[in-house]
Amino acid sequence: MARGKVQLKRIENATSRQVTFSKRKNGLLKKAYELSILCDAEVAVIIFSQKGTLFKFASIDQIQKTIDRYRKNAKQLHTDRIDVEQSKEQLRQESANMAKKIEMIEILQRKLLGQDLDSCSPEELHDIDNQLEISLSNIRARKTQLFKEQIEQLQAKERLLLMENARLTKQCDAQPLQQSTQSNQVVSYLSSCSKSSDIVETDLYIGLPQMRCL
């Protein structure tokens, strides 16, 4: 018959409890040894019986080395855990401060827009009025600066247009004089050609051709 599932609770019978302890202890130490051999792991087991008897197993010569290694590792883990918790706490504080600042900015923005002014004291209203005056002054100064820059740009464009207009006017005034000079040259050339045609002599002979001696 198959063995039933053992219920995990304290064994009341002292003899049965001692027998079970001995069997399970030996099995645990055997498994620890097998684990260290098969997996090349550093294993240490410490067991105290009900009467205070010590049972131990170590895969290396001295179990104290494994214990020191465990303490060092545990200390580092504890330090890392503390650092993580401190970082979380710092982030929570920064998040809370940021949320508070955002809320204050939103309240101030509504007041600057003329909303939620019923709860404001005369001093707060005076401060809001001063802030609005400063803002208006800055806006007007910026507006004046932009207008000044636009005027300077338009004046620069005007100077360029005047220079271009003067250049084109000068060019237009020079073209009729050049055309007149070219016309005079053409007339002179035609006149000279006409005079030359008047004195040209032609050997025109009417009649039978004469025999010329070569």
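Quick notes on this structure:
- Counting 0.36 nm for each residue step from R71 to A14 and taking away their Cα separation leaves a gain of 17.0 nm.
- For the pair D173 and I139, label points projected 7 Å from Cα toward Cβ lie 5.3 nm apart.
- Pairs from the table (K30/K51; K25/K75; K31/K65; K111/K148) lying more than 25 angstrom apart at Cα are K25/K75; K111/K148.
- Put a dot 7 Å past the Cα of Q7, heading toward its Cβ, do the same for D83, and the two dots end up 4.9 nm apart.
- Charge tally for D68 (other residues, Cβ to Cβ under 14 Å; Lys, Arg +1; Asp, Glu -1): +3.
- For the stretch 16-71, carbon and sulfur atoms together expose 55% of the accessible surface, with a 1.4 angstrom probe and every protein chain in place.
- Computed from the Cβ-Cβ distance with R0 of 22 Å, the FRET efficiency linking R24 to T53 stands at 0.90.
- Charged neighbours of A96, selected by a Cβ distance under 13 Å, balance to +1 (K, R count +1; D, E count -1).
- Within the shell of other residues whose beta carbon sits under 14 angstrom from the beta carbon of P122, the net charge comes to -4, with Lys and Arg scored +1 and Asp and Glu -1.
The values are calculated or read from the model by the stated rules, or taken from the named source; none is laboratory data. The shown structure was predicted, so the numbers you read here are calculated from the model rather than taken from an experiment. We place every Cβ from the backbone using ideal geometry, glycine too, and count neighbours over all the protein chains shown. The accessibility values were calculated without ligands, DNA or RNA, using every heavy atom of the protein model including side chains. Shrake-Rupley method; radii C 1.70, N 1.55, O 1.52, S 1.80 Å.
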